[in-house]
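Worksheet: one structure, shown below.
Bear in mind that the values in this text are calculations on the coordinates, not laboratory data. The structure presented is a predicted model; accordingly, all values stated were derived computationally and were not measured. So basically every Cβ, Gly included, is an ideal-geometry build from the backbone, and we count neighbours across all protein chains shown.
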Amino acid sequence: MNKLYGLIGHPVGHSMSPLMHNDAFRQLGINGHYHAFDVREEKLSEAVNAMRVLNVTGFNVTIPHKVAIMNYLDEIDEEAKMIGAVNTVVNIEGHLIGYNTDGRGYLTSLLRLLKKPLKDSNILVIGAGGAARAVVIAMATHGVAELTITNRTREKAVMIQNHCKKIRQDINVIPLDNAKKIADKYDIIINTTSIGMSPNIDAIPFPIENIKQKAILSDLIYNPLKTKWLELGEKKGLTIHNGVGMFVEQGVLAFQKWTNQKPNSERMTEVVIEKLGGSTC
Ligand code: NAP
């Protein structure tokens, strides 16, 4: 029987998940179909129930439902609870279990690029929204030398700092101006804000000047594939890392939870990059 998978969010028209997962189903000979469902906030409860009743085997959750969906699930994995958001749901005979694969997906894509162990690296995270939370928790859980958050709204960064105390007590929160002055101490600088995302492609989240030559610039944004920030970093000779890896790897982890099979992440990356009309970095 053809199994149904999907995505709920609003809007979902530009999502690359259907293309990526349907291609993986074909590649693995799985009789499955992934569909993007456009669900408005006030319809979330009904939509989740529909997923249950229609026996949708698994689904992703995106903006604006990642937090609110937690109210409608039967079980939530510890990591998703810690992150405070769900991006993947598995339906076992009407019992809905929520997971969050964003942080681990990010970590998997970053680890591939590293020349120096993450455990010996000083990390600066710019931003303190939902994506930052997943990234900070993944970093704190994995273990890094120093972990610092900087954000326009300091209170939000402090919230993440406090929330993570169970995993790590010494996460720093510093103002953006301070971070700019001491930028050369960081081995990896991660932009988790939406600054530089299409259509505002000329904006950059953090100046490049003081960043050291051996640093990695990592941007969660994948549209455009190479943000202005990454472009400037590349010109300076820094290693750059865009958000495609995170997007693909969170999808790989979701796919595995639904099917117990591992899709080809290189193939998924090609599919996504082709759709975005470019080459990866
Ligand atoms: P979010 O919860 O809305 O958080 C947005 C963050 O950006 C906040 O820290 C916010 O600062 C900051 N920000 C936004 N505009 C700003 C500005 N003009 N100046 C200074 N700071 C600004 O969003 P999110 O869900 O975390 O997503 C953030 C980015 O990550 C988006 O670009 C998204 O596409 C990307 N993302 C990528 C993946 C992937 O798979 N690659 C997955 C998830 C998210 P304040 O706290 O001060 O408002």
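Give the calculated FRET efficiency between GLU41 and ALA145 to the nearest 0.05, with a Förster radius of 51 Å applied to their Cβ-Cβ distance.
Details: r = 41 Å, r/R0 = 0.80.
For GLU41 and ALA145, the calculated efficiency is 0.80.
Remark on segment 148-281: hydrodynamic radius 16.4 angstrom, per the Kirkwood mean of 1/r across alpha carbon pairs.
Taking each residue as 0.36 nm, the span from ARG154 to LYS257 lengthens on full extension beyond its C-alpha to C-alpha distance by 33.5 nm. Kindly give Rg over Rh for segment 23-64, based on alpha-carbon atoms, with the Kirkwood expression for the hydrodynamic radius. Using only Cα positions, Rg/Rh for segment 23-64 is 1.04. Largest first and in whole Å, the equivalent-ellipsoid semi-axes of segment 193-269 read 29, 14, 9, each the square root of five times a Cα gyration tensor eigenvalue. Taking amide H atoms as placed 1.01 Å from N in the peptide plane, the amide H of ILE216 lies under 5 Å from those of ILE188, ILE189, each 5 or more residues away in sequence or on another chain. Taking only Cα atoms and a 10 Å spring cutoff, compute GNM fluctuations for the chain and point out the largest among ASN71, ASN22, ASN91. Evaluated over the chain, the most mobile residue of the options is ASN71.
Counting every pair of alpha carbons in the chain, the share spaced more than 32 Å apart comes to 24 percent. In order along segment 173-184, phi translates into HN-Hα couplings of 10, 10, x, 3, 4, 5, 4, 4, 5, 10, 4, 6 Hz, rounded to whole numbers, per the Karplus curve 6.51 cos²θ - 1.76 cosθ + 1.60 with θ = phi - 60° and x for Gly and Pro.
If you run the Gaussian network model on the chain, springs between alpha carbon atoms under 10 Å, then out of LYS212, LYS235, LYS185 the most flexible one is LYS235.
Distances between placed amide hydrogens fall under 5 Å for HIS65 paired with HIS10, all partners being 5 or more residues away or on another chain.
Just checking the listed ones, MET82, MET51, MET159: in the Gaussian network model of the chain with Cα springs under 10 Å, the one fluctuating most is MET159. Taking only the Cα atoms of segment 1-124, the radius of gyration and Dmax are 16.0, 50 Å. Principal semi-axes of the equivalent ellipsoid, √(5λ) from the alpha carbon gyration tensor of segment 39-197, are 32, 16, 13 Å from largest down.
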